Amino acid sequence: MDRLNQAYRMTKRIVLTALLLAVPALTGCGLRKGNDYTTLRWVTYSPSGASMDAKEVIEAANEISREKLGIEVELEFQPSDKMNLMMASGEYYDMVFTSSWLNYFDRNAEDGLYYDITDLVQEETPALYESIGKYWECAKIGGRIMGVPILKDMGAEEMFRLNADYFETRKGMEIPERMDGLESVEPFLKAYKEDYPNKYPVAMDKGGIPGFLNFLERIAGGVIVIPYDQDTPVPQAMAIWDCEPLMNRYRTLHRWYEAGYIHPDAATIDSTDADLSIPVRFGVAWKGYMGYSNPAQWGFEVKTSTYEGPFLSRQSEQGAMFGICAACTKERATECLKYIELLSTDRKFRDILAYGIEGKHFNYLENGTVLQTQAGIDRYPANLYTTGSVVNASVSSVSQEVLSDPDQWKKVFEEYETDGIYSQTKGFYYDTTRKESIITSLQAIYSDYSTELRTGTSDPDVVIPKMRKRMEAAGFNELLEDVQSQLNEWMEKAEHEETESEE
Amino acid sequence: MKKPSQKNNVRKTGRKAPKARRDRELFAMSLPAILWYLAFCYLPLFGIFFAFKQFTPKPGESLLKNLFVNSPWAGLDNFSFLFRSSELPQILFNTLFYNLIFLVLGILIPVMLAVVLAELHSKFFSGVVQMVMLLPYFLSWVIVGYCLYGFLATDEGQVNHVLRMFGAAAVQWYQSPGYWRVILILVEIWKSAGYAMVIYLCAITAIDRTLYEGAKMDGATFWQRVRYITLPMLRPTIATIFILRTGSLLASDFGLFYQVPLDSNSLQPVTQTLDVYVYKALMTQANFSFSAAASFLQNAVGCVLLIIANAVVKKTDEDSSLM
Amino acid sequence: MQIRKKKTFDPEEYTAAERSVFSKRTNIIVSILFALLALLVFLPILLVIIVSFSSESSVTELGYSFFPKAWSLESWRYLFRSGTYLTRAIINSFLITAAGTVLGLVLMCPIAYALSRKTFRWRRAILVFLMIPMLFSGGLVSTYMVNTQILHLQNTCFALILPGLCSTWFIMILRNYYQTAVPDSLIEAAMVDGGRQFQIFLKIVIPITTPVMMTIALFQIFAYWNSWYPALLYLDSNHTELYPLQYVLVNMQRSIDMLAKDAQYMSGAQTYTPPAVTVRMVLVVLAILPILVIFPFFQRFVKTGMTVGAVKE
């Protein structure tokens, strides 16, 4: 009896201790103060968590930043679902990755989640303020700066990546540096299909052609679009079905599908990357990008040819940003800015978080670019835009033979000035708060058709009218009206400010 | 009550009230689990409030403040996105259609398999069969989707290979909604039947073997044995599964209806269930208030259904009901 | 009590064949049918295994095929390149699974036993108490808030163990089993002898109900072994030393996918395309492998006719 009693009490004790142990296991999340330096909790994005050597690399960076600024960071790499949850639960952080496509900047800033750095950034970190220049505009909410844009490719430029060995050497076709529009690749598709009637020349998966919608500004998840080149004084927001260039693009894709250029199951395929035989691929990049030119990797020469862009809008400029937590004290916010400033101005420091440890993960080449080692590719794969300024990091070369231009970014930003196609909406963003319910239902309807539209599987002239009917029943017109009226208001205000500043 | 000191209780109440003592002991045995439920299930229940709030927490502030001060009431606004879709009848029909079929087949098939399997002479063989049948349960839906694609792909799929071999035309499976009601039902049974079967087999081991021995001596046939011994003894388990499944008639396995058909647009009329709709609607905007509203609605309906199912079961067989 | 105890551990008096109503011929026919059924069920899994050993280029060309053009161990090699990392993760998974399964049974079995006693005064109340969380849940956000802001489980192994301990569903299965397998007369007799409930539970109930405990343990083991979402939610990337195996594998899968995606969006990463499809299948094989190992072991405990019959008379 007593033994049993004991056993009973033991069991209970084990259970209770287990429950109780959980409580003191409390760890202060990033607020732990060091002796003479501050620790900032910095949350950034990575779909696959931290790379294997992340800890070592962060420590190497911390060593320098502790010395220079008295600051160290606890850098966390979080997948998007975790990041959304963290934001939705009101957890504390100091800096967070925010953008127009993940952890939405406009919505969060509007909700007051980010620190207003308008004055702070000019007073405390003038060098940072200077370096961002005109791109601060995309981080303004109601005239106040609520985040720090990360300088990278600010515009979207779409290109073809073609198998040059096949098209140029074997078929004697010429791949120009610039082509005009998506349709201009059709002769290449036709040539390949004639040679290989059972194969499909277009690299197409359920995601569609990357960046194929970038020639439009998209609102409410893409159900409403604003074309770049409009001749009306105030840009017009419109429905997908009213936008002729977009309809034509869908028609082109469907024509390709019918002609057998696109895999019949494209709308359900996850990725076509493994199939190196596909001769026509697509990409979104910038002038001078060399990433696809390594013949050793592909087994053939790849030539890129831009067919569209670069398009610049508030959305494209918000590709990656820092948000500083609204709950930060002024000192902490300043420290965040100082840290961001160091990342944006000190190249050697920046290269650590970007590429890892010199000698182990990467080496500097003679022309000033970097080359990743195999260990770097395996154990610290670089995803530059998530860890700070891309422009301030060294440019990476593809191999000893295929070198990049170390001054590439200067040229890219010059190109934005000369050839950039700018949005006419003057940094307009749509405040979704009042129409969230409509937008959400429209999203559900849109996703019933979008995959097969963008892969060319379905005929837009059959499917889009159906979609239109459903969308209109769900309140589409109400939303469109609201978008247009907000846009009108915005343009009026912007014009007013412009004339004021001119005076 | 919270700290029943065993020894004292026993001494005081010892012989006087064995029933009260027993109840106290049983309660003490339940206590650890009850505490666990309080901490991990009841504490988070405040999330139901999200359904009626425009939840906008401020970072670094206390949970209570975020919930009650920082988030304004939204009334029923969070629910409205569910009712904007003109496809709602179709979505509800799909949800109920599949769930009712799964409810029936999900009990019938595993029980049948278990009852027969339990009679096999070779326990080793029966074990191998059980293991193989259980395997699909541990594949994620994503993987099931890929596997199925291996069979149904237009060009390289195994099924179309066979069709072509016999001279038939290849079918574009992922663009042909007609077949998918059957395909989805088969996939669901393939994946879950083994699991349920193992549970029933386990329940069969609880049956007093002297009952079987007696029956055998009386010369009972297989069917008589199943009808008069096995099924009645399995009734509580079957009833439990029936009641719980009824409670989730409006919920559907998202993976089965979204990941298995690879989110093919053409199949949408037969694959769109309530959970798929909610997921698609909230895919791009992570609006947790909306999803809370949707699940609240599903749960509330489920609750009513469960109570009804429980009452029905209780009427026919008092012992088998859940509550 | 002594006599009964002896009965409990009686070796099986009858062989399965003697107990079965099937004649030899019926048995063979039914066995063949089951073999066919098992084969059918196994076919897709066989496909997974074959693909995991196929070369990536063969999969690209032929799709998922039972007869690949070329066999390859590349994806298996790719997986084990990150050696030490995996060993650590396997140990973690092992400990988490063991702790979760044992603790879970310690919590669930006693309450299930209490609920199986029909005259237990709070039976109905506790049943309702258990049913409510099955119907209503706070949802992901509030659960996350509770676990991080009230219980402070983040970045501890408890976050991976505690939230999955109990399930009303399992408690109900246990309860049903106790109700069927443990006759009231047995308990009452023991109570007359002055036995306390916990003692009765340990000495009488547990021994005759091992099949159900083992079945639940089996399911819990696989639930814990295959779970990775709690790790995603509660372990941040600076606590990789706590990562369970499945989360490491999921991350591996995701980074392969990311590399593929980068190939389109050119975010500045170098291009390298690992064998994405075949690695995915390797991960599946790894996930179901433990089942093949553990199931036969559990099978020995799940036998028909462990219940004492004599008590009833």
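The values are calculated or read from the model by the stated rules, or taken from the named source; none is laboratory data. Given the structure is predicted, the values throughout are model-derived calculations rather than measurements. Glycine also receives a Cβ, built like all others from the backbone with ideal geometry; neighbour counts cover every protein chain displayed. With ligands, DNA and RNA removed, areas are computed over all heavy atoms of the protein, side chains included. Shrake-Rupley method; radii C 1.70, N 1.55, O 1.52, S 1.80 Å.
Only helices (runs of 4 or more DSSP H) wholly contained in region A:424-475 count here; list those with 3 or more residues that are free of Cβ contacts under 8 Å to residues at least 12 places away in the same chain.
Answer list for region A:424-475: A:436-447, A:460-473.
From the residues in region C:122-158 that are at pLDDT 90 or above and in a loop (DSSP other than H, G, I, E, B), which one is nearest to B:W36 (Cα to Cα)?
Within region C:122-158, the match that is nearest to B:W36 (Cα to Cα) is C:L151.
So which of B:Y137, B:Y146, B:Y174 is buried (at least 17 other Cβ atoms within 10 Å of the Cβ) and within 22 Å of C:T215 (Cβ to Cβ)?
After applying the criteria, what remains is B:Y137.
If you go through region C:174-194 one residue at a time, do you hit one that is within 26 Å of C:I96 (Cβ to Cβ) and in contact (Cβ under 8 Å) with a residue 24 or more places away in the chain?
Checking region C:174-194: at least one residue is within 26 Å of C:I96 (Cβ to Cβ) and in contact (Cβ under 8 Å) with a residue 24 or more places away in the chain.
Looking at B:G14, is it at pLDDT below 90, open to solvent by less than 40 Å² (accessible area, probe 1.4 Å) and not hydroxyl-bearing (S, T, Y)?
Answer is yes for this residue.
Residues that are at pLDDT 85 or above, closer than 30 Å to B:Q298 by Cα, assigned by TED's automatic domain parsing to the domain that holds B:V132 and among the hydrophobic types (A, V, I, L, M, F, W, C): does region B:198-206 have at least one?
For region B:198-206, residues at pLDDT 85 or above, closer than 30 Å to B:Q298 by Cα, assigned by TED's automatic domain parsing to the domain that holds B:V132 and among the hydrophobic types (A, V, I, L, M, F, W, C): present.
Is it the case that region A:224-243 has a residue that's open to solvent by less than 20 Å² (accessible area, probe 1.4 Å) and either free of Cβ contacts under 8 Å to residues at least 12 places away in the same chain or within 14 Å of chain B (Cβ to nearest Cβ) (or both)?
Yes, region A:224-243 contains a residue that is open to solvent by less than 20 Å² (accessible area, probe 1.4 Å) and either free of Cβ contacts under 8 Å to residues at least 12 places away in the same chain or within 14 Å of chain B (Cβ to nearest Cβ) (or both).
Checking A:P310 against (1) under 21 Å from the mean Cα position of the chain (by Cα); (2) open to solvent by 40 Å² or more (accessible area, probe 1.4 Å): exactly one of these is not met. Which one?
Answer for A:P310: the failing condition is (2).
What number of residues within region C:159-180 satisfy the criterion of being over 13 Å from B:A39 (Cα atoms) and not in a loop (DSSP other than H, G, I, E, B)?
Result for region C:159-180: 15.
Taking region B:162-177, which residues are touching a helix residue (DSSP H, G or I) at 6+ places or on another chain (Cβ under 8 Å) and outside any loop (DSSP other than H, G, I, E, B)?
B:W173, B:Y174, B:Q175, B:P177
May I ask you to say which residue of A:V43, A:V96, A:V73 is within 21 Å of C:W228 (Cβ to Cβ) and not in a helix (DSSP H, G or I)?
Selected residue: A:V43, the only one of A:V43, A:V96, A:V73 that is within 21 Å of C:W228 (Cβ to Cβ) and not in a helix (DSSP H, G or I).
Does A:F413 fit the bill of being more than 22 Å from the chain's Cα centre (by Cα) and part of a helix (DSSP H, G or I)?
no
Of the numbered conditions (1) in contact (Cβ under 8 Å) with a residue 24 or more places away in the chain; (2) within 30 Å of A:R170 (Cβ to Cβ), A:D265 fails exactly one; give the number of that condition.
Here A:D265 meets the rest and fails (1).
Within region A:388-400, can one find any residue that is out of contact with any Leu (no Cβ under 8 Å at 6 or more places or on another chain) and outside any loop (DSSP other than H, G, I, E, B)?
no
Looking at A:T345, A:T334, A:T386, A:T373, can you tell me which residue is open to solvent by less than 50 Å² (accessible area, probe 1.4 Å) and within 24 Å of the chain's Cα centre (by Cα)?
A:T386
Under 7 Å by Cβ, and 6 or more places apart or on different chains, what pairs join a residue from region A:371-382 that is facing another protein chain (nearest Cβ under 10 Å) with one that is in a helix (DSSP H, G or I) and hydrophobic (A, V, I, L, M, F, W, C)?
Listed by first residue and then by second, the contacts come to A:A382/A:A354.
What are the pairs, 6+ residues apart or on separate chains, where a residue within region B:27-45 that is outside the structural domain of B:F296 (by TED's automatic domain parsing) has its Cβ under 7 Å from a residue that is among the charged types (D, E, K, R)?
B:P32/A:K12
Residues of region C:184-205 being buried (at least 16 other Cβ atoms within 10 Å of the Cβ) and more than 8 Å from every other protein chain (Cβ to nearest Cβ), which ones?
Answer for region C:184-205, where residues must be buried (at least 16 other Cβ atoms within 10 Å of the Cβ) and more than 8 Å from every other protein chain (Cβ to nearest Cβ): C:L186, C:I187, C:A189, C:A190, C:G195, C:I200, C:I204, C:V205.
Read through the list (1) open to solvent by 30 Å² or more (accessible area, probe 1.4 Å); (2) within 9 Å of chain B (Cβ to nearest Cβ); (3) free of Cβ contacts under 8 Å to residues at least 24 places away in the same chain; (4) farther than 24 Å from B:M323 by Cβ, then give the number of the only condition that C:M214 fails.
Going through the list (1) open to solvent by 30 Å² or more (accessible area, probe 1.4 Å); (2) within 9 Å of chain B (Cβ to nearest Cβ); (3) free of Cβ contacts under 8 Å to residues at least 24 places away in the same chain; (4) farther than 24 Å from B:M323 by Cβ, C:M214 breaks only (3).
What pairs can you find where one residue is in region A:128-140 and surrounded by 16 or more Cβ atoms within 10 Å (Cβ to Cβ), the other is among the acidic types (D, E), and their Cβ atoms are less than 7 Å apart, with a gap of 6+ or different chains?
Final answer for the pair search is A:L128/A:E341; A:Y135/A:E317; A:C138/A:E317.
Select from region A:119-149 the residues that are closer than 17 Å to A:V96 by Cβ and hydroxyl-bearing (S, T, Y) and list them in ascending order.
Passing the criteria: none in range.
Looking only at region B:177-203, count every residue that is crowded, with 21+ Cβ neighbours inside 10 Å and more than 14 Å from chain C (Cβ to nearest Cβ) and tell me the total.
Result for region B:177-203: 2.
Just checking, how many residues over region B:210-242 are more than 9 Å from chain C (Cβ to nearest Cβ), of a type in the set (F, W, Y) and in contact (Cβ under 8 Å) with a residue 24 or more places away in the chain?
Looking only at that region, the number is 1.
Considering each residue of region C:290-313, count those that are at pLDDT below 50 and open to solvent by less than 30 Å² (accessible area, probe 1.4 Å), and give that number.
5
Go through region A:104-148 and report how many residues are within 30 Å of A:E436 (Cβ to Cβ) and either outside any helix (DSSP H, G or I) or of a type in the set (K, R) (or both).
18
Within region B:14-103, which helices (runs of 4 or more DSSP H) (wholly inside it) include 1 or more residues that are on the phi < 0 side of the Ramachandran plot and within 14 Å of chain C (Cβ to nearest Cβ)?
In region B:14-103, the matching helices (runs of 4 or more DSSP H) lie at B:18-37, B:63-68.
Among the residues of region C:29-50, which ones are of a type in the set (V, I, T) and either in contact with a Ser or Thr (Cβ under 6 Å, 6 or more places away or on another chain) or more than 9 Å from chain B (Cβ to nearest Cβ) (or both)?
C:I29, C:I32, C:I49, C:I50 - these are the residues of region C:29-50 that are of a type in the set (V, I, T) and either in contact with a Ser or Thr (Cβ under 6 Å, 6 or more places away or on another chain) or more than 9 Å from chain B (Cβ to nearest Cβ) (or both).
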